[in-house]
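What follows is a short report on a single structure.
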Amino acid sequence: MNKPKSGKRSSPAKPKPTASPKSIDEYLAAVPEPAHTTLQKARAAIRSSLPPGATETISYKIPAFKHGEIIIWFAAFANHCSIFPTARIIEQFKNDLKAFTISKGTIQFPIDKPFPASLLKKMVKARLAQIAAKKRR
């Protein structure tokens, strides 16, 4: 049964606060300081550990690096930055991550304190090895 129309119109749908970024540069342009600089340092550390042919992408509306499949994601939030290297990598490096807030697939760190580049590079290399091992199966 159809409801009779009351003559009142509902308010229009509210637009999303931000559209999905099209590139990492676009994503980072919207990130305020100090998180912007913190993520730029993470990006540089990740990029320096990647093989030729790896690409930057946006996945789940956040920056990521891909080489056949996603290697690692990173993002800024209101009170922290995060790296998402997958649960297996976090498990593998859990002893090195005691100073950080971690969950199954996320590592949180302060917006004004970059994640240690040397540890990030090791994690990226471990993730690449994990991906390569899956391909050999």
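Of the candidates Ala87, Ala75, Ala99, Ala44, the single residue that is in contact with a strand residue (DSSP E or B) (Cβ under 9 Å, 6 or more places away or on another chain) and closer than 27 Å to Lys22 by Cα is Ala75. Kindly establish whether Gly68 is at pLDDT below 95, within 22 Å of Met123 (Cα to Cα) and more than 13 Å from the chain's Cα centre (by Cα). Yes.
Name the single residue that is surrounded by the fewest Cβ atoms within 10 Å (Cβ to Cβ) among those in the range 54-82 being among the aliphatic types (A, V, I, L, M) and touching a Pro at 6+ places or on another chain (Cβ under 6 Å). If we take residues in the range 54-82 being among the aliphatic types (A, V, I, L, M) and touching a Pro at 6+ places or on another chain (Cβ under 6 Å), then Ile58 is surrounded by the fewest Cβ atoms within 10 Å (Cβ to Cβ).
The values are calculated or read from the model by the stated rules, or taken from the named source; none is laboratory data. If you're wondering where the values come from, they're calculated on a predicted model, not measured in any experiment. Cβ coordinates were reconstructed from backbone atoms using ideal geometry, including for glycine residues, and neighbour counts include every protein chain displayed.
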